[in-house]
Amino acid sequence: MTVEPLVAIVTTDLAAVTRGRSVVESRLEKTAATGVGWLQANLSLTPFNSIVAPNPWGSSGDLRLIPDLAARFRTALTGSATPFDMVAGNLVELDGTPWLGCTRTMLADALADLETTTGLRMTAAFEHEFQICGAAFAPAHSFSLAALRRTDPFPATLMAALEEAGVAPEVVIAEYGDDQFEVTHEPAGALAAADRAVAIREITRELARSNGWRATFTPKTAPNAVGNGVHIHFSFTDAGGKPAAYDAGRPGGVSAIAGAFCAGVLRHLPAITVLTASSVPSYYRLRPHNWSSSYTWLADRDREATLRICPTVTIGGRDPARQYNIEYRAADATANPYLSLAAIVRAGLEGIKADLGSPPLVTGDPEQMSEAEKAKLGLKRLPETLPAALDAFLADRTVTGWFAPAFVETFIGVKRHEAEQLANHDPAAICDLYGKLY
Ligand code: GLU
Ligand code: MG
């Protein structure tokens, strides 16, 4: 008898872990209408394989996880015996009503609200950094050709696997940190981009496993190591499909509506940081002078800023409007990509609804500025620990108001539990643990 490959129908949870249930490939179509079973209490799963108790769900209740067949990622190139095959799904009640805890639905809803209110559609891309552990590579220089070539055929196989899966990868590089790499993908509709983020993490991990290594996307492998960021790039098109984030006549090229969006993101940034940087070691990364981000700050091509206007090239008369995008840098892979992007969209939409003006383009180092200078530029330090980030989230009623109360309670429960579990561990031990968990 031949082995029929499986397709996993998956959801990604508040610990940023992708979980799901698998069916044989030939059953996928049949399964699509009603999905597979799931349960509410799973949203209270921690990264440590425990379920937070008490939680709003208890031991009763059932859901369905409905695969979105447009979000299927399949590749036979990860080196595993059977193909990697994953379909992102939406969590619904048994009667098909969307479930209040489904982060993929939250992103879809936020994008729909953005479009209804403004006519804008968001295009996005997730840029991932990761490190390979357990490979015993010879030492190599940062960004060097040798650093990439010594891992051959890993980078080429990764690109081929992502291409085959439909992720549309763009570039793979050896990054600055030890055994650190980065992979990017072509911009896509924002929901598809978040699906791709999940696929990139899982395919990269699987390929590394097949080599006998481990790929980690943890924000910090050691307290003073180079961080692994997730940079979320976004831009907009209008109802007619024309680029809408760029205006050559305005500072930094930020259009009025994109400026209002950025102002909303910065206004709510201290509160949403926990949704985009969701673990204890996330806050070892979000420190000044790490090229990560640590203040509420829009800048033109400055890698210390939280919102960075990315470069556009005019070589050969290329149009900047089609390339123009802004990058949110305060994210990492311990955060759920759907929730991260939903939070950015909701915060930006608040800025548009409040008709906020574009934030100033800040130059210089906030750490060298006086308190008065920082206040004038609207520069606030991001929360410095996970518990502080949870407090900032709860203190912003606009932000908590985007979610159902039971969802807020669940999120707070999982993250407080995570912080409490680690309260007596030193940062090195925490980094070590997260290097294994992510
Ligand atoms: N590794 C940095 C981070 O933690 C980013 C470096 C870069 O700009 O690529 O976000
Ligand atoms: Mg990078």
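The values are calculated or read from the model by the stated rules, or taken from the named source; none is laboratory data. The structure presented is a predicted model; accordingly, all values stated were derived computationally and were not measured. Neighbour counts run over all protein chains shown; Cβ positions are idealised from the backbone, glycine included. For the accessible areas, the whole protein counts, side chains as well, though only heavy atoms, and no ligand, DNA or RNA atoms are used. Shrake-Rupley method; radii C 1.70, N 1.55, O 1.52, S 1.80 Å.
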Out of the residues in the range 208-236 meeting the condition of being under 25 Å from Gly79 (Cα atoms) and open to solvent by less than 10 Å² (accessible area, probe 1.4 Å), tell me which one is farthest from the chain's Cα centre (by Cα). Ala208
The listed residue being of a type in the set (A, V, I, L, M, F, W, C) and in contact with a Phe, Trp or Tyr (Cβ under 9 Å, 6 or more places away or on another chain), out of Ala428, Ala406, Ala395: Ala406
Selection status of Gly351, more than 22 Å from Ser44 (Cα to Cα), open to solvent by less than 30 Å² (accessible area, probe 1.4 Å) and touching a residue at least 24 places away in the same chain (Cβ under 8 Å): yes
Please work out if Val198 is more than 16 Å from ligand 2 (Cβ to nearest atom) and in a loop (DSSP other than H, G, I, E, B). no
Answer yes if at least one residue in the range 303-315 is buried (at least 23 other Cβ atoms within 10 Å of the Cβ), part of a loop (DSSP other than H, G, I, E, B), within 12 Å of ligand 1 (Cβ to nearest atom) and within 15 Å of the chain's Cα centre (by Cα), and no otherwise. yes
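Quick grid of which residues meet (1) hydrophobic (A, V, I, L, M, F, W, C); (2) outside any loop (DSSP other than H, G, I, E, B); (3) away from ligand 1 (no atom under 15 Å from the Cβ); (4) buried (at least 16 other Cβ atoms within 10 Å of the Cβ):
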residue: Gly101; (1), (2), (3), (4): no, no, yes, yes
residue: Thr105; (1), (2), (3), (4): no, yes, yes, yes
residue: Thr123; (1), (2), (3), (4): no, yes, yes, yes
residue: Phe126; (1), (2), (3), (4): yes, yes, no, yes
residue: Phe130; (1), (2), (3), (4): yes, yes, no, yes
residue: Ala147; (1), (2), (3), (4): yes, yes, no, yes
residue: Thr157; (1), (2), (3), (4): no, yes, yes, yes
Take Gly253 and tell me if it is modelled with pLDDT of 95 or more, away from ligand 1 (no atom under 16 Å from the Cβ) and within 22 Å of Pro311 (Cβ to Cβ). yes
Can you name every residue in the range 289-309 that is free of Cβ contacts under 8 Å to residues at least 60 places away in the same chain and more than 13 Å from ligand 2 (Cβ to nearest atom)? Arg301, Ala305, Leu307, Ile309
Note on the range 268-302: residues outside any helix (DSSP H, G or I) and hydrophobic (A, V, I, L, M, F, W, C) are Ala277, Val280, Leu286, Trp291, Trp297, Leu298, Ala299
